[in-house]
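The next block holds one structure in the form of C-alpha coordinates; read it before the comments.
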Amino acid sequence: MSRGAFLVILGKQGAGKGTQCVRLARNYAVPHVATGDMLRSEVRAKTELGLKAKAAMDAGELIPDEVVTAMVALRLDRDGAISKGFILDGYPRTVAQAEQLDTLLEPRKLDLVIDIEVPTGVVLRRLAARRVCLDCQAVYSTSSPPKVNWTCDICGGEVVQRDDDTEVAILRRLNLYEEETAPLIDFYSKKGILTTINGVGSTEVVTQRMIKEIDLALKNAGDT
Ligand code: ADP
(Lines give C-alpha, C1' and ligand atoms only; values in the text may rest on other atoms or scores of the structure.)
Protein backbone atom coordinates (compact mmCIF):
# COMPACT_ATOMS: atom_id res chain seq x y z
CA MET A 1 0.00 0.00 0.00
CA SER A 2 1.77 3.15 -1.18
CA ARG A 3 -0.55 5.60 0.52
CA GLY A 4 -2.00 5.49 4.01
CA ALA A 5 -5.70 5.31 4.79
CA PHE A 6 -7.49 8.23 6.48
CA LEU A 7 -10.46 6.69 8.21
CA VAL A 8 -13.09 7.40 10.84
CA ILE A 9 -15.10 4.55 12.33
CA LEU A 10 -18.50 5.32 13.85
CA GLY A 11 -20.93 3.07 15.69
CA LYS A 12 -22.65 2.98 19.00
CA GLN A 13 -21.00 1.63 22.12
CA GLY A 14 -20.54 -2.10 21.75
CA ALA A 15 -20.81 -2.02 17.93
CA GLY A 16 -17.32 -3.51 17.77
CA LYS A 17 -15.34 -0.38 16.78
CA GLY A 18 -12.35 -1.17 19.00
CA THR A 19 -12.00 -4.79 17.89
CA GLN A 20 -12.39 -3.93 14.21
CA CYS A 21 -10.04 -0.93 14.35
CA VAL A 22 -7.19 -3.06 15.75
CA ARG A 23 -7.57 -5.41 12.76
CA LEU A 24 -7.86 -2.59 10.22
CA ALA A 25 -4.82 -0.80 11.66
CA ARG A 26 -2.79 -3.95 11.06
CA ASN A 27 -4.15 -4.35 7.54
CA TYR A 28 -3.45 -0.78 6.44
CA ALA A 29 -0.32 -0.27 8.61
CA VAL A 30 -1.63 2.94 10.15
CA PRO A 31 -2.09 3.80 13.83
CA HIS A 32 -5.35 3.06 15.62
CA VAL A 33 -6.20 6.24 17.51
CA ALA A 34 -8.86 5.48 20.14
CA THR A 35 -9.77 8.48 22.27
CA GLY A 36 -11.44 6.34 24.98
CA ASP A 37 -8.24 4.26 25.39
CA MET A 38 -6.11 7.42 25.42
CA LEU A 39 -8.32 9.02 28.07
CA ARG A 40 -8.31 5.86 30.22
CA SER A 41 -4.46 5.90 30.08
CA GLU A 42 -4.51 9.52 31.24
CA VAL A 43 -6.81 8.55 34.12
CA ARG A 44 -4.53 5.67 35.15
CA ALA A 45 -1.43 7.88 34.98
CA LYS A 46 -3.31 10.51 37.05
CA THR A 47 -2.30 13.31 34.67
CA GLU A 48 -4.03 16.67 34.94
CA LEU A 49 -6.25 15.72 31.99
CA GLY A 50 -6.98 12.29 33.50
CA LEU A 51 -7.96 13.73 36.86
CA LYS A 52 -10.32 16.19 35.17
CA ALA A 53 -11.82 13.58 32.82
CA LYS A 54 -12.47 10.71 35.24
CA ALA A 55 -15.77 11.83 36.77
CA ALA A 56 -17.31 12.65 33.39
CA MET A 57 -16.15 9.34 31.93
CA ASP A 58 -17.47 7.25 34.83
CA ALA A 59 -20.86 8.93 34.44
CA GLY A 60 -20.85 8.28 30.68
CA GLU A 61 -20.67 12.01 29.85
CA LEU A 62 -18.53 13.51 27.08
CA ILE A 63 -15.25 15.38 27.59
CA PRO A 64 -15.31 18.95 26.16
CA ASP A 65 -14.71 19.09 22.40
CA GLU A 66 -11.62 21.35 22.55
CA VAL A 67 -9.94 19.12 25.15
CA VAL A 68 -10.39 15.94 23.10
CA THR A 69 -9.42 17.67 19.84
CA ALA A 70 -6.20 19.00 21.42
CA MET A 71 -5.36 15.46 22.59
CA VAL A 72 -6.05 14.02 19.11
CA ALA A 73 -4.03 16.78 17.42
CA LEU A 74 -0.99 15.91 19.56
CA ARG A 75 -1.39 12.21 18.79
CA LEU A 76 -1.75 12.72 15.03
CA ASP A 77 1.32 14.91 15.01
CA ARG A 78 3.38 12.05 16.43
CA ASP A 79 5.03 9.73 13.86
CA GLY A 80 3.59 11.93 11.12
CA ALA A 81 0.20 10.19 11.36
CA ILE A 82 -1.43 13.36 10.15
CA SER A 83 0.22 12.91 6.73
CA LYS A 84 0.61 9.10 6.67
CA GLY A 85 -2.86 8.04 7.77
CA PHE A 86 -4.77 6.77 10.79
CA ILE A 87 -7.93 5.08 11.98
CA LEU A 88 -9.95 7.20 14.38
CA ASP A 89 -12.11 5.31 16.88
CA GLY A 90 -14.35 7.28 19.25
CA TYR A 91 -13.51 10.60 17.59
CA PRO A 92 -15.14 12.71 16.30
CA ARG A 93 -18.18 12.23 18.50
CA THR A 94 -19.94 15.56 17.88
CA VAL A 95 -20.39 17.74 14.80
CA ALA A 96 -18.16 20.37 16.44
CA GLN A 97 -15.37 17.78 16.74
CA ALA A 98 -15.89 16.75 13.10
CA GLU A 99 -15.44 20.37 12.04
CA GLN A 100 -12.34 20.68 14.21
CA LEU A 101 -10.94 17.50 12.61
CA ASP A 102 -11.48 18.91 9.11
CA THR A 103 -9.49 22.00 10.08
CA LEU A 104 -6.77 19.87 11.62
CA LEU A 105 -6.36 17.79 8.44
CA GLU A 106 -6.48 20.61 5.90
CA PRO A 107 -5.69 20.43 3.00
CA ARG A 108 -6.02 16.65 3.29
CA LYS A 109 -9.44 15.00 3.48
CA LEU A 110 -10.75 11.80 5.05
CA ASP A 111 -10.96 8.83 2.67
CA LEU A 112 -13.96 7.20 4.29
CA VAL A 113 -16.21 7.18 7.34
CA ILE A 114 -17.70 3.80 8.19
CA ASP A 115 -20.75 3.49 10.40
CA ILE A 116 -20.98 0.02 11.95
CA GLU A 117 -24.67 -0.68 12.46
CA VAL A 118 -25.79 -3.00 15.24
CA PRO A 119 -29.26 -3.10 16.88
CA THR A 120 -29.47 -1.63 20.41
CA GLY A 121 -30.61 -4.95 21.95
CA VAL A 122 -27.41 -6.60 20.71
CA VAL A 123 -25.07 -3.85 21.97
CA LEU A 124 -26.71 -3.85 25.41
CA ARG A 125 -26.01 -7.57 25.74
CA ARG A 126 -22.42 -7.15 24.47
CA LEU A 127 -21.65 -4.25 26.84
CA ALA A 128 -22.96 -6.03 29.94
CA ALA A 129 -20.65 -8.95 29.10
CA ARG A 130 -17.63 -6.82 28.05
CA ARG A 131 -14.35 -7.10 29.98
CA VAL A 132 -11.12 -5.24 29.08
CA CYS A 133 -7.42 -5.52 29.87
CA LEU A 134 -6.33 -2.68 32.15
CA ASP A 135 -2.91 -2.55 30.48
CA CYS A 136 -3.32 -3.12 26.72
CA GLN A 137 -7.11 -2.54 26.44
CA ALA A 138 -7.68 -5.89 24.69
CA VAL A 139 -11.39 -6.68 24.75
CA TYR A 140 -12.86 -9.94 26.12
CA SER A 141 -16.32 -10.99 27.27
CA THR A 142 -17.81 -13.26 29.89
CA SER A 143 -18.50 -15.74 27.10
CA SER A 144 -14.94 -15.57 25.68
CA PRO A 145 -12.69 -14.81 28.67
CA PRO A 146 -8.86 -14.95 28.65
CA LYS A 147 -7.42 -18.48 28.94
CA VAL A 148 -6.17 -18.08 32.53
CA ASN A 149 -8.05 -16.50 35.42
CA TRP A 150 -8.87 -13.03 33.95
CA THR A 151 -5.24 -12.45 33.00
CA CYS A 152 -4.79 -10.95 29.53
CA ASP A 153 -3.66 -13.52 26.91
CA ILE A 154 -1.68 -10.81 25.13
CA CYS A 155 0.15 -8.89 27.86
CA GLY A 156 -0.61 -10.58 31.19
CA GLY A 157 -2.52 -7.53 32.48
CA GLU A 158 -5.59 -7.74 34.70
CA VAL A 159 -8.89 -8.11 32.79
CA VAL A 160 -11.82 -6.29 34.41
CA GLN A 161 -15.18 -4.67 33.77
CA ARG A 162 -14.77 -1.00 32.81
CA ASP A 163 -15.84 1.57 35.45
CA ASP A 164 -18.29 3.01 32.92
CA ASP A 165 -19.79 -0.33 31.85
CA THR A 166 -22.50 -0.06 34.50
CA GLU A 167 -26.13 -0.17 33.38
CA VAL A 168 -26.72 3.53 34.17
CA ALA A 169 -23.58 4.76 32.39
CA ILE A 170 -24.21 2.48 29.39
CA LEU A 171 -27.73 3.88 28.93
CA ARG A 172 -26.42 7.43 29.32
CA ARG A 173 -23.74 6.82 26.64
CA LEU A 174 -26.24 5.26 24.26
CA ASN A 175 -28.58 8.26 24.69
CA LEU A 176 -25.71 10.68 24.13
CA TYR A 177 -24.75 8.70 21.04
CA GLU A 178 -28.19 9.32 19.57
CA GLU A 179 -28.13 13.01 20.49
CA GLU A 180 -24.54 13.99 19.70
CA THR A 181 -23.05 11.37 17.44
CA ALA A 182 -25.92 10.33 15.18
CA PRO A 183 -25.93 13.83 13.54
CA LEU A 184 -22.38 13.02 12.38
CA ILE A 185 -23.88 10.44 10.08
CA ASP A 186 -25.76 13.23 8.36
CA PHE A 187 -22.67 15.45 8.33
CA TYR A 188 -20.49 12.85 6.58
CA SER A 189 -23.25 11.57 4.38
CA LYS A 190 -23.67 15.09 2.92
CA LYS A 191 -19.95 15.09 2.13
CA GLY A 192 -20.43 11.78 0.28
CA ILE A 193 -17.82 9.89 2.31
CA LEU A 194 -20.08 7.82 4.56
CA THR A 195 -20.75 4.14 4.19
CA THR A 196 -22.79 1.94 6.51
CA ILE A 197 -21.99 -1.69 7.13
CA ASN A 198 -23.84 -4.41 9.01
CA GLY A 199 -21.98 -5.07 12.28
CA VAL A 200 -23.79 -8.30 13.08
CA GLY A 201 -21.76 -11.39 12.21
CA SER A 202 -18.44 -12.93 13.16
CA THR A 203 -15.49 -10.57 13.77
CA GLU A 204 -13.80 -11.79 10.59
CA VAL A 205 -16.90 -11.37 8.44
CA VAL A 206 -17.38 -7.79 9.68
CA THR A 207 -13.67 -7.01 9.05
CA GLN A 208 -13.97 -8.27 5.48
CA ARG A 209 -17.06 -6.10 4.90
CA MET A 210 -15.09 -3.07 6.08
CA ILE A 211 -11.95 -3.87 4.06
CA LYS A 212 -14.03 -4.20 0.92
CA GLU A 213 -15.45 -0.68 1.41
CA ILE A 214 -12.10 0.87 2.33
CA ASP A 215 -10.25 -0.70 -0.62
CA LEU A 216 -12.93 0.62 -2.93
CA ALA A 217 -12.66 4.15 -1.48
CA LEU A 218 -8.84 4.09 -1.71
CA LYS A 219 -9.00 2.83 -5.28
CA ASN A 220 -11.45 5.57 -6.27
CA ALA A 221 -9.28 8.19 -4.57
CA GLY A 222 -6.25 6.79 -6.45
CA ASP A 223 -8.11 6.94 -9.78
CA THR A 224 -9.00 10.61 -9.42
P1 ADP B 1 -17.68 3.96 24.52
O2 ADP B 1 -17.64 3.97 23.02
O3 ADP B 1 -18.07 2.62 25.09
O4 ADP B 1 -18.45 5.10 25.12
P5 ADP B 1 -14.91 4.91 24.63
O6 ADP B 1 -13.81 4.06 25.15
O7 ADP B 1 -14.86 5.29 23.19
O8 ADP B 1 -16.21 4.11 25.03
O9 ADP B 1 -15.03 6.27 25.49
C10 ADP B 1 -15.13 6.24 26.90
C11 ADP B 1 -15.42 7.65 27.42
O12 ADP B 1 -14.34 8.54 27.07
C13 ADP B 1 -16.66 8.33 26.86
O14 ADP B 1 -17.85 7.94 27.55
C15 ADP B 1 -16.31 9.81 27.10
O16 ADP B 1 -16.45 10.17 28.46
C17 ADP B 1 -14.82 9.85 26.78
N18 ADP B 1 -14.58 10.15 25.34
C19 ADP B 1 -13.97 9.33 24.44
N20 ADP B 1 -13.91 9.92 23.23
C21 ADP B 1 -14.50 11.13 23.35
C22 ADP B 1 -14.77 12.19 22.45
N23 ADP B 1 -14.42 12.14 21.14
N24 ADP B 1 -15.41 13.30 22.92
C25 ADP B 1 -15.78 13.39 24.20
N26 ADP B 1 -15.57 12.42 25.12
C27 ADP B 1 -14.93 11.29 24.71
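The values are calculated or read from the model by the stated rules, or taken from the named source; none is laboratory data. Remember, it's a predicted structure, so these values are computed and weren't measured experimentally. Cβ atoms come from the backbone with ideal geometry, glycine included; neighbour counts cover every protein chain shown.
If I filter the stretch 139-159 down to residues being in contact with a Ser or Thr (Cβ under 9 Å, 6 or more places away or on another chain) and aliphatic (A, V, I, L, M), which single residue comes out as surrounded by the most Cβ atoms within 10 Å (Cβ to Cβ)?
Looking at residues that are in contact with a Ser or Thr (Cβ under 9 Å, 6 or more places away or on another chain) and aliphatic (A, V, I, L, M), I get Val159.
Name the residues in the stretch 198-222 that are crowded, with 19+ Cβ neighbours inside 10 Å and outside any helix (DSSP H, G or I), would you?
Correct list: Gly199 only.
Would you mind stating whether Glu167 is acidic (Asp, Glu) and touching a residue at least 60 places away in the same chain (Cβ under 8 Å)?
Numbers: acidic (Asp, Glu): yes; touching a residue at least 60 places away in the same chain (Cβ under 8 Å): no.
When the stated conditions are applied, Glu167 does not pass them.
Give the residue that is nearest to the chain's Cα centre (by Cα), with candidates limited to residues of the stretch 79-90 that are at positive phi and away from the ligand (no atom under 15 Å from the Cβ).
By that ranking, first place goes to Gly85.
Filter the stretch 51-63 for residues that are within 11 Å of the ligand (Cβ to nearest atom) and either more than 18 Å from the chain's Cα centre (by Cα) or free of Cβ contacts under 8 Å to residues at least 40 places away in the same chain (or both) and give the result.
Ala53, Lys54, Ala55, Ala56, Ala59, Ile63
Of everything in the stretch 144-184, what is within 16 Å of the chain's Cα centre (by Cα) and polar (S, T, N, Q)? Give them in sequence order.
Thr181 - this is the single residue of the stretch 144-184 that is within 16 Å of the chain's Cα centre (by Cα) and polar (S, T, N, Q).
Among (1) more than 23 Å from Cys136 (Cβ to Cβ); (2) modelled with pLDDT of 95 or more; (3) of a type in the set (Asp, Glu), which single condition is Glu61 missing?
(2)
Mind telling me which of the residues Arg125, Arg93, Arg162, Arg108 ends up being more than 10 Å from the ligand (Cβ to nearest atom) and not in a helix (DSSP H, G or I)?
Going through Arg125, Arg93, Arg162, Arg108 in turn, the sole match is Arg108.
Among the helices (runs of 4 or more DSSP H) lying completely within the stretch 15-85, list those that include at least 1 residues that are polar (S, T, N, Q) and closer than 18 Å to Leu104 by Cβ.
By residue number, 35-44, 65-77, 81-84.
Kindly indicate whether any position in the stretch 160-180 is loosely packed, with under 13 Cβ neighbours inside 10 Å and of a type in the set (Gly, Ala, Ser).
no
Testing Ser189 on (1) of a type outside the set (A, V, I, L, M); (2) within 13 Å of the ligand (Cβ to nearest atom); (3) in a helix (DSSP H, G or I); (4) surrounded by 14 or more Cβ atoms within 10 Å (Cβ to Cβ), one condition comes back false. Which one is that?
Failing condition for Ser189: (2).
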